[in-house]
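Only one structure is covered here, and it is reproduced in the block below.
The values are calculated or read from the model by the stated rules, or taken from the named source; none is laboratory data. A quick note: this is a predicted structure, and the numbers were derived from the prediction, not measured. Please note: Cβ atoms are built from the backbone with ideal geometry, for glycine as well, and neighbour counts cover all protein chains shown. Areas reflect the complete protein model, heavy atoms only, side chains present, ligands, DNA and RNA absent. Shrake-Rupley method; radii C 1.70, N 1.55, O 1.52, S 1.80 Å.
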Amino acid sequence: MAASDSDDVNLAYDDTADDDYFCLDDTDEDLHPPQASDSLDDDQLQGSDSRNDDDDDLLQSSDRHDDGDHDCDDNDDGDENALEEDDHDSPISGQNFSVLTEADIRHRIKDNIAEVSSVLSISKNEASSLLLHYNWSVNNIFDSWFADEKAAREKAGLFLEPLIESPDHGSSICVICFEDYPCDETKSTSCGHRYCNDCWSSYIKTAISDGPQSLLLTCPHPSCRAAVGEDMVGLFASEKEKNKYSSYIVMSYIESKKMIKWCPGPGCENAIDFVAGSENLDVSCLCSHSFCWNCTQDAHRPVDCETVTKWMSKNSSESGNVNYILAFTKPCPKCKRPIEKNMGCSHMTCRAPCLYEFCWLCLGDWNNHGTCNRFKGNPEEEKREKAKQYVMKYTHYFERWATNQNSMKKGAADLQKVQTEQIEVLSRIQAQPLAQISFVTEAWKQIIECRRVLAWTYAYGFYLPEECEAKRNLFEYLQGQAESGLERLHDCAEKELQSYLKDKISVEGFIEFRKKLTLLTRVTRNYFDNLVAALQNGLSDVNSGSSSVSKKRKSNWAAAAVNAAPVLDTNINDNSATAPAAAASAMEPWACAYCSYENQSSATNCAMCGRGSWTCDVCTYANSRTSATCAMCTEAPEP
């Protein structure tokens, strides 16, 4: 915001001060929306090239703050550094997202301001005001500006000429406090309305404390829409207020972007830039928090957001208590209060003041009670039995969901311990370089991801309709195989690793352990890839008219597993049970279609996962090579 052509040029500050000021750290407040392209330039808060003593103080203050803060720009090189966004790539990124740190966000803001300032030949202060009023959309600014510059300026409160004549010498009356001040003790924005420094300070500080709407602050004059920009904030706000104002700018930029969201992790200040059109909605931040881009709940692949909402609502509601009361209590026949049976006999006595005595089984008056062993249809009893079954079903799925959630959290803590302590210990004791031990970290990351997926499959199973028996059978089979594979991997990473952290093992022994853990990691990944793919497709591999599984889909699974199969020349599972084939038709090694392990030609079952070499097209069970019919459903293999 350019001030009037008089003393107000003192509102500007120098390039370096601008950078440091913008780097002042944040506060988590609400934000004003924006929308646009990329980063910010070093002169963002600059109004012109002049300086005064206040500017020098701001520069020194900002430098001190920046030394203790994260490195925003390393500055003085200005645009050059700001545009080198590739040098600030996030450590965690995926095909569908990238993580933006606060420094990355500020670089994007600076680039936007620099671009608008350069193309429109205006100050960076004015460019900043335009971006705030146009929701950070550079294209919208250009369209509006070149269509009608005057209208665009009026919208942002930027005036080419002062609205009133402002004296550049002598004295001036502040129309807020009505005191007479020398002109050099008053300031105005581009409109020319002059106010004393104290009134400006109070006005700006109050606006910043009120929230993000201070980004669109205008002149105190009731009918004036001239913008009060960052130059005035730099002059009259305290360091704390500058930090808060700076955080409003960052939040404004993020909240204007449809494809950028803040990470909901506790205390995290990063944002996630999502790639439009990506099928996988799960994203992970540098803080290790994973969440769903669509609903911002914890990552819940392969379950959809609607199911997650229902499941979480159910877990936090009182419906479970109501069902428990209905299933495991009976109403007193007299006062109707629910009563839970806590002793062995069927003689029940209601609590005072009722004290009614009745039979638990038939609810008849105990004083006139004979026998109640004859069957009589009772709608209430049927209703109670259904509620009991419902509670038992919910308890089954909730217990396993909660257990895997806890195992995932424990796995995250174990991974932290592995990365900070055990990796170095393992490297030292086994005399192995760190690069040769990364397989342990990869195994733990796979465990955490698989625990997350497995937990949400139980929420999926709870809502799977009972009448879809074929789908339920396929779901439970795939889930069971994935869970078994995960338990083997988790057990190996958690228990077998301990012996290598205590004593020096032979190089051959350590290589065998590395092969085993690496292969188990890959096997488990294949299990869960199959499970996730099946659930995301709605278990469509089950034909609607029968319980059979699509042959095409089955062959695709097998092909994918074979292509991913590692070629190993040793059997790394010492405890696996292998049996010689009665008659091996092929002398070549064969790859298991499920875990991708390459077996010897004489092996009847997979040495790693124990499954056979042909898979039933009806129930997907993996059978022995010598089996004539499926051991699960007795179907014969397809010719």
Hey, any hits in region 405-416 for a residue that's of a type in the set (D, E, K, R), touching a helix residue (DSSP H, G or I) at 6+ places or on another chain (Cβ under 9 Å) and farther than 24 Å from residue 502 by Cβ? yes
In region 598-615, which residue that is at pLDDT below 70 and assigned to a loop (DSSP other than H, G, I, E, B) is farthest from residue 474 (Cα to Cα)? 608
Tell me, please, whether a residue that is at pLDDT below 80 and surrounded by 13 or more Cβ atoms within 10 Å (Cβ to Cβ) can be found in region 397-412. no
Filter region 419-449 down to the residues that are touching a helix residue (DSSP H, G or I) at 6+ places or on another chain (Cβ under 8 Å), within 17 Å of residue 516 (Cβ to Cβ) and assigned to a helix (DSSP H, G or I) and list them by number. 426, 430, 436, 437, 439, 440, 441, 442, 443, 444, 446, 447
What are the residue pairs meeting all of these: first residue in region 329-352, first residue within 16 Å of residue 368 (Cα to Cα), second residue open to solvent by 80 Å² or more (accessible area, probe 1.4 Å) and of a type in the set (A, V, I, L, M), Cβ atoms under 7 Å, and 6 or more apart or on different chains? 346/361; 349/355
Inspect region 346-368 for any residue being touching a Lys or Arg at 6+ places or on another chain (Cβ under 9 Å) and within 30 Å of residue 484 (Cα to Cα) and give the result as yes or no. no
Has region 200-218 got at least one residue that is open to solvent by 10 Å² or more (accessible area, probe 1.4 Å), part of a helix (DSSP H, G or I) and in contact with a Cys (Cβ under 7 Å, 6 or more places away or on another chain)? no
